[in-house]
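Colleague: First the structure, which I've put down as structure tokens, then a few questions once you've had a look.
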Amino acid sequence: MVKVHFLGASGTVTGSKFCLETDEQNILIDCGMFQGRKDLRRSNWEPLPFSVDSIDVVLLTHGHLDHTGYLPRLVRDGFKGKIIGTAPTLAITKIILLDSAKINEEEAELANKEGYSKHRPALPLYNIQDAENAIALFRDEEINQWIPLSENIRYRFRYNGHIIGSTFIEIEISGKRFVFSGDVGRPNDILLDPPVKPEWADFLFIESTYGNKLHPQDNVEDRLVDLVNKTLYERGNLLIPSFAVERLQSLMYLFWKLYMKNKIPNIPIFIDSPMGNNVLSIFERFPNWHKLSPKEYKAMCAHVNIIDSYRQTWETIDDPRPKIVIAGSGMVSGGRILTYLQQLVDNPNTNVLLVGYMADGTRGRALLEGVQELKIFGKYYAVKASIHHEESLSAHADQKELIDWMDSIKNIPERVFLIHGEQEALLEFKIKIADVYKWHVYIPEIFETVELIF
């Protein structure tokens with residue numbers, strides 16, 4: 001018997017944590033932070049409903065915060081095993097954990113200084129030392145190689161696009177294969193190769209972020225050209241909240257290519273994401289994990305202005321020229337983009353371009369839904385900027401791409417579990433899978449435990 005504990009990303013998108021409890025090993029797949037709704041974010045502060053010191057190993061699908069951001073808390077609460085991922089995944093996770101820890105410390109300090117938290121004193125979810133303690137447990141493994149964990153358990157990582165280093169994970173337990181999709185990438189990503197497809201799955205755990213949607217087929221380059229021209233005409237600012245991993249590099253590449261094709265003028269482009277700057281070095285360190293040549297990488301980086309300090313952030317805000325600013329975070333849940341929005345979101349000449357998925361409860365979702373005021377650090381700011389959305393830049397596969405990703409599975413899975421989705425997406429994706437493949441599909445609830453007997 002294997003018990004599957006759904007500790008996150010169940011009935012919701014973020015907080016990815018799935019624990020396989022077996023007689024030989026307790027395996028945690030991903031260890032992410034909840035984002036979005038306040039009730040979910042509160043769960044980050046609660047102890048896991050599973051004995052942390054009984055977990056033997058953590059396997060990571062990729063480095064995003066909602067898949068890795070809870071690791072420092074896990075280690076603080078008693079985890080002492082190995083944290084395993086591909087080399088790029090662990091390099092990204094290190095950057096993300098240290099950045100997240102710093103942000104947590106700074107936000108707690110600001111809350112205490114300005115008194116907008118009901119907690120006295122406000123404390124960080126974790127600190128830099130907690131992050132470093134987690135990083136000390138990292139161990140990297142190659143893709144496509146079966147690695148034994150115990151007598152009857154082995155695993156391997158397989159390439160699945162999405163971001164650099166990203167994989168899906170296959171775990172064999174007494175001959176039964178468990179497949180955890182992680183976040184499945186796009187078949188035509190501008191920086192990454194198409195995802196590899198699984199060939200066998202007795203128990204399939206598949207993401208459903210866009211389980212009810214198809215990405216638009218509009219021309220991204222044309223949309224960006226229009227926005228740049230609008231920004232120049234209005235002598236305003238184009239603000240793009242962006243995930244530091246992959247999305248930021250994709251946007252840099254697109255704007256550089258548009259300039260090289262003479263489709264846009266040499267408008268100043270500012271990259272204000274300390275974490276994103278660090279992730280750029282990951283692309284340089286792992287050239288076999290992406291499509292960019294060394295020459296393209298260097299030319300792309302030379303085309304933009306990298307902001308190195310908070311002082312430069314304010315200099316950029318005060319710069320009167322029309323410009324593009326790409327800053328973290330992608331769902332406007334934190335990061336440098338908040339400083340720009342504080343100063344510029346009430347200006348009608350400001351354009352805000354949201355790219356990719358915006359989780360329920362985030363400022364990004366609120367802007368998409370037409371909110372009139374935006375709450376930032378306890379204060380409200382009128383939203384007079386024009387809000388735009390470009391879903392086709394998403395790094396997540398849509399419904400059709402997810403269905404296609406499963407089409408190489410030769411057997412009929414005993415169970416398919418839908419994870420990483422909001423309720424509407426989960427329900428529609430369940431119907432679609434049943435219609436196409438006639439498979440038995442189940443939608444687990446948060447903190448549910450399912451027993452699998454074989």
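Colleague: For the range 394-427, how many residues are assigned to a loop (DSSP other than H, G, I, E, B) and exposed (fewer than 15 other Cβ atoms within 10 Å of the Cβ)?
Modeller: 6
Each row is one residue, and each column tells you yes or no for (1) part of a helix (DSSP H, G or I); (2) farther than 13 Å from His64 by Cα; (3) open to solvent by 40 Å² or more (accessible area, probe 1.4 Å).
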{"residue": "Leu90", "(1), (2), (3)": "yes, no, no"}
{"residue": "Lys94", "(1), (2), (3)": "yes, no, yes"}
{"residue": "Leu97", "(1), (2), (3)": "yes, no, no"}
{"residue": "Ile103", "(1), (2), (3)": "yes, yes, yes"}
{"residue": "Glu107", "(1), (2), (3)": "yes, yes, yes"}
{"residue": "Leu110", "(1), (2), (3)": "yes, yes, yes"}
{"residue": "Ala131", "(1), (2), (3)": "yes, yes, no"}
{"residue": "Ala134", "(1), (2), (3)": "yes, yes, no"}
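Colleague: Quick test for you: out of Ile271, Ile264, Ile282, Ile240, pick the one residue that is of a type in the set (Val, Ile, Thr), part of a loop (DSSP other than H, G, I, E, B) and farther than 30 Å from Glu445 by Cα. Give the steps one after another, and end with the answer.
Modeller: Values: Ile271 fails: part of a loop (DSSP other than H, G, I, E, B); Ile282 fails: part of a loop (DSSP other than H, G, I, E, B); Ile240 fails: part of a loop (DSSP other than H, G, I, E, B).
Checking each option against the conditions leaves just Ile264.
Per-residue answers, yes or no, for (1) of a type outside the set (D, E, K, R); (2) in contact with a strand residue (DSSP E or B) (Cβ under 7 Å, 6 or more places away or on another chain); (3) on the phi > 0 side of the Ramachandran plot:
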{"site": "Gly161", "(1), (2), (3)": "yes, no, yes"}
{"site": "Ile164", "(1), (2), (3)": "yes, no, no"}
{"site": "Phe168", "(1), (2), (3)": "yes, yes, no"}
{"site": "Arg177", "(1), (2), (3)": "no, yes, no"}
{"site": "Arg186", "(1), (2), (3)": "no, no, no"}
{"site": "Leu191", "(1), (2), (3)": "yes, no, no"}
{"site": "Ala201", "(1), (2), (3)": "yes, yes, no"}
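Colleague: Filter the range 76-88 down to the residues that are outside any helix (DSSP H, G or I) and in contact with a strand residue (DSSP E or B) (Cβ under 9 Å, 6 or more places away or on another chain), then identify the one that is surrounded by the most Cβ atoms within 10 Å (Cβ to Cβ).
Modeller: Residue satisfying both the conditions and the ranking: Gly85.
Colleague: Something else about it: Test each condition in (1) modelled with pLDDT under 95; (2) of a type in the set (D, E, K, R); (3) in contact with a Lys or Arg (Cβ under 8 Å, 6 or more places away or on another chain); (4) open to solvent by 30 Å² or more (accessible area, probe 1.4 Å) for Lys379 and report the one that comes out false.
Modeller: (3)
Colleague: Further, regarding this structure: Would you confirm whether any residue within the range 434-444 is farther than 23 Å from Asn188 by Cα, of a type outside the set (Ser, Thr, Tyr), open to solvent by 40 Å² or more (accessible area, probe 1.4 Å) and not in a helix (DSSP H, G or I)?
Modeller: The answer is yes, given that some residue of the range 434-444 is farther than 23 Å from Asn188 by Cα, of a type outside the set (Ser, Thr, Tyr), open to solvent by 40 Å² or more (accessible area, probe 1.4 Å) and not in a helix (DSSP H, G or I).
Colleague: Among the residues of the range 228-237, write down those that are open to solvent by 10 Å² or more (accessible area, probe 1.4 Å) and assigned to a helix (DSSP H, G or I).
Modeller: If we filter the range 228-237 for residues that are open to solvent by 10 Å² or more (accessible area, probe 1.4 Å), which is where we start, we get 229-230, 232-235, 237.
Asn229, Lys230, Leu232, Tyr233, Glu234, listed by residue number.
Colleague: State yes or no: is Ile324 more than 20 Å from the chain's Cα centre (by Cα), touching a residue at least 60 places away in the same chain (Cβ under 8 Å) and either surrounded by fewer than 18 Cβ atoms within 10 Å (Cβ to Cβ) or in a strand (DSSP E or B) (or both)? Write out each step before concluding.
Modeller: Working: more than 20 Å from the chain's Cα centre (by Cα): yes; touching a residue at least 60 places away in the same chain (Cβ under 8 Å): yes; either surrounded by fewer than 18 Cβ atoms within 10 Å (Cβ to Cβ) or in a strand (DSSP E or B) (or both): yes.
Here the answer is yes, as Ile324 does meet what is asked.
Colleague: Out of the residues in the range 112-129 that are among the hydrophobic types (A, V, I, L, M, F, W, C) and not in a helix (DSSP H, G or I), state the one that is nearest to Thr61 (Cα to Cα). Break it down into steps so the answer makes sense when it comes.
Modeller: Narrowing the range 112-129 to residues among the hydrophobic types (A, V, I, L, M, F, W, C): 122-123, 125, 128.
Filter again for not in a helix (DSSP H, G or I), leaving 122-123, 125.
Details: Ala122: 32, Leu123: 29, Leu125: 23 Å.
Ranking the qualifying residues of the range 112-129, first place goes to Leu125.
Colleague: Answer yes or no: is there a residue in the range 153-172 that is surrounded by fewer than 22 Cβ atoms within 10 Å (Cβ to Cβ), touching a residue at least 60 places away in the same chain (Cβ under 8 Å) and in contact with a Gly (Cβ under 7 Å, 6 or more places away or on another chain).
Modeller: No, the range 153-172 contains no residue that is surrounded by fewer than 22 Cβ atoms within 10 Å (Cβ to Cβ), touching a residue at least 60 places away in the same chain (Cβ under 8 Å) and in contact with a Gly (Cβ under 7 Å, 6 or more places away or on another chain).
Colleague: Residue check, Pro195 against (1) in contact (Cβ under 8 Å) with a residue 60 or more places away in the chain; (2) touching a Phe, Trp or Tyr at 6+ places or on another chain (Cβ under 7 Å); (3) open to solvent by less than 10 Å² (accessible area, probe 1.4 Å), all met but one. Which one?
Modeller: Condition not satisfied by Pro195: (3).
Colleague: Restricting to the range 173-188, give me the number of residues that are in a loop (DSSP other than H, G, I, E, B) and surrounded by fewer than 20 Cβ atoms within 10 Å (Cβ to Cβ).
Modeller: Here is the first cut: in the range 173-188, the residues in a loop (DSSP other than H, G, I, E, B) are 174-175, 181-188.
Checking the rest, the ones that are also surrounded by fewer than 20 Cβ atoms within 10 Å (Cβ to Cβ) come to 174-175, 187-188.
Summing the residues that are in a loop (DSSP other than H, G, I, E, B) and surrounded by fewer than 20 Cβ atoms within 10 Å (Cβ to Cβ) in the range 173-188 gives 4.
Colleague: Would you mention how many residues in the range 1-60 are within 27 Å of Phe429 (Cα to Cα) and among the aromatic types (Phe, Trp, Tyr)?
Modeller: 3
Colleague: Something else now. Which of the residues that make up the range 291-319 are part of a loop (DSSP other than H, G, I, E, B) and either in contact with a Pro (Cβ under 9 Å, 6 or more places away or on another chain) or without any contact (Cβ under 8 Å) to a residue 60 or more places away in the chain (or both)? Talk me through it step by step, then tell me what you get.
Modeller: Step one: filter the range 291-319 for residues part of a loop (DSSP other than H, G, I, E, B), giving 291-293, 303-304, 307-309, 319.
Of everything in the range 291-319, those that are part of a loop (DSSP other than H, G, I, E, B) and either in contact with a Pro (Cβ under 9 Å, 6 or more places away or on another chain) or without any contact (Cβ under 8 Å) to a residue 60 or more places away in the chain (or both) turn out to be Ser293, His303, Val304, Ile307, Asp308, Ser309, Asp319.
Colleague: Sticking with this structure for a sec: What residue, of Glu373, Glu369, Glu391, is open to solvent by less than 40 Å² (accessible area, probe 1.4 Å) and farther than 24 Å from Asn278 by Cα?
Modeller: Numbers: Glu373 fails: open to solvent by less than 40 Å² (accessible area, probe 1.4 Å); Glu369 fails: open to solvent by less than 40 Å² (accessible area, probe 1.4 Å).
None of the others qualify; the one that does is Glu391.
Colleague: Regarding the range 246-259, can at least one residue be identified that is surrounded by fewer than 19 Cβ atoms within 10 Å (Cβ to Cβ), over 21 Å from Gly328 (Cβ atoms) and in contact with a His (Cβ under 7 Å, 6 or more places away or on another chain)?
Modeller: Yes, the conditions are met somewhere in the range 246-259.
Colleague: Okay, next question. Among the listed residues Gly15, Gly32, which satisfies the condition of being among the small types (Gly, Ala, Ser) and at positive phi?
Modeller: Numbers: Gly32 fails: at positive phi.
It is Gly15.
The values are calculated or read from the model by the stated rules, or taken from the named source; none is laboratory data. Note that this is a predicted model, so its numbers are computed, not measured. Cβ atoms come from the backbone with ideal geometry, glycine included; neighbour counts cover every protein chain shown. In case anyone asks, the SASA skips ligands and DNA or RNA and just uses the protein heavy atoms, side chains included. Shrake-Rupley method; radii C 1.70, N 1.55, O 1.52, S 1.80 Å.
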